[in-house]
Structure formats: structure tokens, C-alpha cells
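As C-alpha cells, the structure follows; a few thoughts come after it.
The values are calculated or read from the model by the stated rules, or taken from the named source; none is laboratory data. These numbers come from a predicted model, not from an experiment. Here the Cβ is made from the backbone with ideal geometry for all residues, glycine too, and neighbour counts use every protein chain on show.
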Ligand SMILES: [Zn+2]
């Protein structure tokens, strides 16, 4: 892979990223994004494969919300503010949802670049970034 990165000149972080990207072919058994498109970028595949961790953390938050509510109804909850705690936990849950991978970067795909500010050079984006991309980039 480093040989491939060196083919085009000095080995830089960018040339390594491009060489890594070339290694992953759009195989039909690659995972798909939220739109059903087959993922082709190694970094996107890694993110989508790890995304279940976000859902697991969200499930833990739901458990904590139930535990806080139960404790708040006991004498131990005398000085608790369960509504405030619940709001904070819901916000944490939403932040994790917001962070979830949604699709490969439409900006990079449209402009044939390999990393950009929109995807924070990860080659994938969340739903909000995807939805705010110009329509011609989302096709
Ligand atoms: Zn990008």
C-alpha cells in the first residue's frame, strides 16, 4: 500500500489515504449506508461497522433514564430533579443519534475529492450534513 502511495510522488497522509481508498473495491457484500448505497470507502465502512456502538450507548441511556425515574420516586429522590436529569439524558441520546454515520460524503463524491471540510476528511457524513448538501450532490 505504501508502494502504491509512493507511485505518485512523496508519501504523504493524503497519498496514503488515496491508496487505502483504492484498495477497497465496491464489492456487493460491502455494507450499505442508510440510503442502501454500497459503501466503497474504507473509512466509511469502518464507521458504519462501528455504528452499532452508538446504538448500544443509546440503549444504556434509556436504561439510566428508567433507573433515575424509579429512584426519584423513592425517599432517595428527595433532593433529585428528575426532570432536569431526564432532559440532559435525552440530549445525550440525541447527540449520539446526530453523530451516526448516514452516507458517504456527497461533496467528495460529486467533486471527486478525497476528503473535505464537510466530512471532516472522513469520507462519510451524518444525516444533517447529507440533507443540507445541494440536491445535485445527493443524486
Ligand atoms: Zn467529503
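Set side by side, the residues 58, 46, 83 differ, and just one is more than 19 Å from residue 126 (Cβ to Cβ) and without any contact (Cβ under 8 Å) to a residue 60 or more places away in the chain, which is 83.
Taking residue 95, is it within 30 Å of residue 28 (Cβ to Cβ) and within 16 Å of the chain's Cα centre (by Cα)? It would help to see each step written out before you state the result.
Working: within 30 Å of residue 28 (Cβ to Cβ): no; within 16 Å of the chain's Cα centre (by Cα): yes.
Spelling it out, it is not the case that residue 95 is within 30 Å of residue 28 (Cβ to Cβ) and within 16 Å of the chain's Cα centre (by Cα).
Any residue at all in the stretch 31-39 that is part of a loop (DSSP other than H, G, I, E, B), free of Cβ contacts under 8 Å to residues at least 12 places away in the same chain and away from the ligand (no atom under 15 Å from the Cβ)? Yes; the residues of the stretch 31-39 include at least one that is part of a loop (DSSP other than H, G, I, E, B), free of Cβ contacts under 8 Å to residues at least 12 places away in the same chain and away from the ligand (no atom under 15 Å from the Cβ).
Contact map, the stretch 93-112: first residue over 18 Å from residue 41 (Cα atoms), second residue in a loop (DSSP other than H, G, I, E, B) and more than 8 Å from the ligand (Cβ to nearest atom), Cβ cut-off under 7 Å, separation 6 or more or different chains; pairs are 98/126; 99/126. Taking residue 26 and the conditions (1) modelled with pLDDT under 95; (2) surrounded by 12 or more Cβ atoms within 10 Å (Cβ to Cβ); (3) out of contact with any helix residue (DSSP H, G or I) (no Cβ under 7 Å at 6 or more places or on another chain), which numbered condition does it fall short on, given that it satisfies the others? With (1) modelled with pLDDT under 95; (2) surrounded by 12 or more Cβ atoms within 10 Å (Cβ to Cβ); (3) out of contact with any helix residue (DSSP H, G or I) (no Cβ under 7 Å at 6 or more places or on another chain) applied to residue 26, the lone miss is (2).
When residue 32 is tested against (1) modelled with pLDDT of 95 or more; (2) surrounded by fewer than 15 Cβ atoms within 10 Å (Cβ to Cβ), only condition (1) is not met.
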